[in-house]
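A.B. asks: Before I ask anything, let me first share the structure, which is written out below as C-alpha cells.
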Amino acid sequence: MKFNSRLLTAVALSAGLALNAATNELVVQTNKIGAPVQPTMYGLFFEDINYAADGGLYAEMIKNRSFEFPENFMGWEIFGHVDLKNDGPFERNPHYVRLSNPGHPHKWTGVENEGFFGVSFKAGEEYRFSVWARVPDGGSSKIRVELVDTKAMGETQTMTQQEITIDSKEWKKYTVILKPETSVTKGKLRIFLSKPEHTVDLEHISLFPVDTWKGHENGMRKDLAQALADLKPGIFRFPGGCIVEGTDIDTRYDWKKTVGPVENRPLNENRWHYTFPHRFFPDYFQSYGLGFYEFFLLSEEIGSEPLPVLNVGLACQYQNDDMHAHIAVDSLQPYIQDALDLIEFANGDTSTKWGALRAEMGHPAPFNLKFIGVGNEQWGPEYVERLEPFIKAIRAKYPDIKIIGSSGPNSEGKEFDYLWPEMTRLKADLVDEHFYRPESWFLSQGARYDNYDRKGPKVFAGEYACHGRGKKYNHYNAALLEAAFMTGLERNADVVHMATYAPLFAHVEGWQWRPDMIWYDNNNSVRTASYYVQQLFSENKGTNVVPLTMDKKNVTGAEGQNGLFASAVYDKDRNEYIVKVANTSSEPQELNIKLAGLKKKDVITGVTAQTLSTKDLDSENTLEEPNKIVPSMKKFAMEEKADWTTVIEPNTFSVYHFKKQ
C-alpha cells in the first residue's frame, strides 16, 4: 500500500522537511497478535496536593465551613457580636457560631468568608447556599446572605442577596439559590443577622455551584471532572500518595471518616500544607467532603476501575525515622480490619454493615471493587513485615481482590532491588513503581520493561513525570519524553497493567509541587501537553500488542535509531492497527511503516495521523493560552497494501491509524 508520492511531497514541503534523510523502516507484524492491553492500562492518580480537593475538584466554595480549623475563624472575618460555640449538632464537627444583637441600631452582626483564593462567581450562574441553623431562644429570625465584591468600584459591593427566615429552635438545614448578575473573581460570601433582636446559630455554611458534575449537590467541579472523563481512564487511584501515610499516624487519611453525612465528616490536617516552607499554606486542610463514596462514584461515572490505597501502619518514612512513630506489627489488626471493611463498603450486600451505609448514601448496587493498594511508597523490612498480614487477611476473605504492593520511592537502587523479590515472595498481584526523573532518565528507559520477569507480579507505574533540568514545569519537551517512555509501557503490556501520571491537579495560586497534569484557577482550567500525551495513549490503547521493530530490534531510542521510540497495537473493536512514534531528535525522520503479514483479503482503507508537536520545546499551555499545544489530525488515502511512507517532524509525537477492511 504505497502512499501517493505527490501527496507525500506536498506534506513534506509544507512542513519544510527534507526527503533525502535515511528511511527508518518500522515493521509491524500484523499476523502476530500479542498480549492483551489491559482495560486499566492508562488511568488517573489523585492526591490532595496543590489544593486538588478542597479548592479544586471538590466544588465547595467555602473555606472552613464548620469552624473546625485549629484557628477556628481562619478564612472568616467576623463583625458585631459573634461567639464561637462547641456543642453543635454534629459530633465530629461540634463548633458553630452564634450571631447576636450588636448592641446598637446602626451596627451589624455577621460573618464573611474569603473562600479558596477568593469566592469566584459568574453572571447568570446559580449557586446553592446552605446552612444548618436555629434560633436558640425560640421564635424566628432572619439572615441575609450575599455574594459581594469588596473591591467593587461601583455604588454597591453586593452582587446578589437572599433573605432566609430561621424558624425553629431545633437545628434544621436551610437552602437558597443565589444568582449574581455580575461576574467576580475575588469575591466573598457575607452573612448578616437581619433581625438583631433574635439570636441565630449557624453551622456548616456551604456554597456550591448548582451546575456541578452530573448535578450532584455535594459534587465535583464540572470542568475538572470533565477533563478526567475525557481521558477515558481505565483506572483511578486515590486518595494518594503521601497523604495516605500522613505526617504522623493521627493525620493519615482515614477512609471511615470520609463517609456518611458530609456535615459529620471531621477535619483532617493535610500533610502538604507545611511540607515545603517555600510554598507554605497554613490554611490547607481536608474537609473530607470529597470522600471515599464520592471517589467511588466518580470512578463509576468516568468509566474507570477504582483503586483505593490504604495505610499499612506506617506514617511517612521521610518524616519519621523513629519506629515508635509507626504502628507495631502486633497492633495492626484495626488497620487490617479497615481494609476488609472498605471492600465490604464497596462490594458488600446491603444487609452488611458497610454495604448498608453505601446504600444509605445513595448507591445500593455494589461498586465492584477489584483492586486495593496497601501502603503508598514505603520501603524496607518494616514495610514488608506489615504488608504480609494484610495480604493474608485479604486473600482469606476476598480471594478475587488484586493487591498492589510497593517498590519504594525510587525507580532503581537498594530499596527497589530489595522490595521486588519481597513482593514476588508475598505474591502481590501488582507492584507500584514511582519515578519522577529528568529528561536523561526518560530517554534511557525505552527498553525498561523488555526484560522484566513475565511470571512474577505485574507492574503498576503508579506515579511518574518527566522533570526538566531547571524547568520543573509542564513544558512540551517533558511531555514528548513521557510519550517516548510510554511506548515501552505499551510494548510490554503483558507485564505492565497500569500506568498513571502524577500529580494530577494544581491550583495556580496554591501549588506545592510541579509539574502537574491539569492546572486551574477558580474559574478556568488548562490541560497540559502531558495531558494530551496521556489522552492519545488512553484513547488509542487498542486491544492487543503487535510486534514493531526496526532492523529487527525494538524501537527504544537506542543508538542508531535516530531518537525514535515506537510501539504498535491492534484494536479488534475498531479493526485497525495503531502505531505510535515519538521522534525525540531535532531532525525530521522519514518513516517507512510496513504492515507485514496482511492477508490477501485485508485492505487498508486509509491512514489517520494524530500529531502533537511544537517548535518551541519550552512552551506550555497556560490559562491564557490553553490551546497552544494540542493534537492535530490529518487523513490520508491509500493505494496499495505493502507499506506507507511519511515524514515525522522533529520533536514530535504521532499516532498513526491504519484502518482495515
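The values are calculated or read from the model by the stated rules, or taken from the named source; none is laboratory data. Everything quoted here is computed from the prediction, not taken from an experiment. Glycine also receives a Cβ, built like all others from the backbone with ideal geometry; neighbour counts cover every protein chain displayed.
A.B. asks: Have a look at GLY154, GLY124 and point out the one that is at pLDDT 95 or above, farther than 23 Å from PHE285 by Cβ and part of a loop (DSSP other than H, G, I, E, B).
C.D. replies: Residue meeting the stated conditions: GLY124.
A.B. asks: Next question. Tell me which residues, restricted to the range 69-84, are surrounded by 14 or more Cβ atoms within 10 Å (Cβ to Cβ) and either within 26 Å of GLY55 (Cα to Cα) or of a type in the set (A, V, I, L, M) (or both).
C.D. replies: PHE69, ASN72, PHE73, MET74, GLY75, TRP76, GLU77, ILE78, PHE79, VAL82
A.B. asks: I'd like to check something: does the range 348-355 contain any residue that is among the small types (Gly, Ala, Ser) and within 21 Å of ARG252 (Cα to Cα)?
C.D. replies: no
A.B. asks: Now for a different question. Given the residues GLU170, GLU146, GLU112, which is the only one that is closer than 29 Å to LEU267 by Cβ, assigned to a loop (DSSP other than H, G, I, E, B), of a type outside the set (A, V, I, L, M, F, W, C) and in contact with a strand residue (DSSP E or B) (Cβ under 9 Å, 6 or more places away or on another chain)?
C.D. replies: GLU170
Condition check ((1) surrounded by fewer than 24 Cβ atoms within 10 Å (Cβ to Cβ); (2) part of a loop (DSSP other than H, G, I, E, B); (3) without any contact (Cβ under 8 Å) to a residue 60 or more places away in the chain) across all residues:
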site: ASN474; (1), (2), (3): no, yes, no
site: ALA479; (1), (2), (3): no, no, no
site: ALA484; (1), (2), (3): no, no, no
site: ALA506; (1), (2), (3): no, no, no
site: SER530; (1), (2), (3): no, no, no
site: SER538; (1), (2), (3): yes, no, no
site: GLU559; (1), (2), (3): yes, yes, yes
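A.B. asks: Further, regarding this structure: Can you name the residue in the range 546-557 that is of a type in the set (A, V, I, L, M, F, W, C) and crowded, with 22+ Cβ neighbours inside 10 Å and, of all such residues, is farthest from LEU595 (Cα to Cα)?
C.D. replies: Filtering first and then ranking leaves VAL555.
A.B. asks: Confirm whether LYS599 is of a type in the set (D, E, K, R), more than 15 Å from GLU649 (Cα to Cα) and assigned to a strand (DSSP E or B).
C.D. replies: Answer is no for this residue.
A.B. asks: Which fully enclosed strands (runs of 3 or more DSSP E) of the range 177-296 have 1 or more residues being farther than 25 Å from GLU126 by Cα, modelled with pLDDT under 95 and aliphatic (A, V, I, L, M)?
C.D. replies: Passing ranges: none, list empty.
A.B. asks: Examine the range 507-522 for a residue that is within 20 Å of LEU44 (Cβ to Cβ) and of a type in the set (Lys, Arg), and state whether such a residue exists.
C.D. replies: Yes: one or more hits.
A.B. asks: If you scan the range 65-80, which residues turn out to be aromatic (Phe, Trp, Tyr) and assigned to a loop (DSSP other than H, G, I, E, B)?
C.D. replies: PHE67, PHE69, PHE73
A.B. asks: Continuing with the same structure: What pairs can you find where one residue is in the range 406-427 and free of Cβ contacts under 8 Å to residues at least 60 places away in the same chain and surrounded by fewer than 18 Cβ atoms within 10 Å (Cβ to Cβ), the other is in a loop (DSSP other than H, G, I, E, B) and among the β-branched types (Val, Ile, Thr), and their Cβ atoms are less than 8 Å apart, with a gap of 6+ or different chains?
C.D. replies: none
A.B. asks: Identify the residue in the range 28-45 that is buried (at least 20 other Cβ atoms within 10 Å of the Cβ) and out of contact with any Gly (no Cβ under 8 Å at 6 or more places or on another chain) and, among all such residues, is farthest from SER304 (Cα to Cα).
C.D. replies: VAL28
A.B. asks: Taking the range 304-329 as the region of interest, how many residues are out of contact with any Lys or Arg (no Cβ under 7 Å at 6 or more places or on another chain) and closer than 30 Å to LEU231 by Cα?
C.D. replies: Residues meeting the conditions: 4.
A.B. asks: Determine the pairs where a residue that is in the same structural domain as GLY241 (by TED's automatic domain parsing), located within the range 371-388, has a partner that is in a loop (DSSP other than H, G, I, E, B) and aromatic (Phe, Trp, Tyr) with Cβ atoms under 9 Å apart, the partner being 6 or more residues away or on another chain.
C.D. replies: As it stands, the answer is ILE372/TYR398, since those pairs meet every condition given.
A.B. asks: Filter the range 256-303 down to the residues that are small (Gly, Ala, Ser) and surrounded by fewer than 21 Cβ atoms within 10 Å (Cβ to Cβ) and list them by number.
C.D. replies: Selection gives GLY260, GLY289, GLY303.
A.B. asks: Condition check: free of Cβ contacts under 8 Å to residues at least 24 places away in the same chain and out of contact with any Gly (no Cβ under 8 Å at 6 or more places or on another chain). Does ASN451 satisfy that?
C.D. replies: So ASN451 fits the description; yes.
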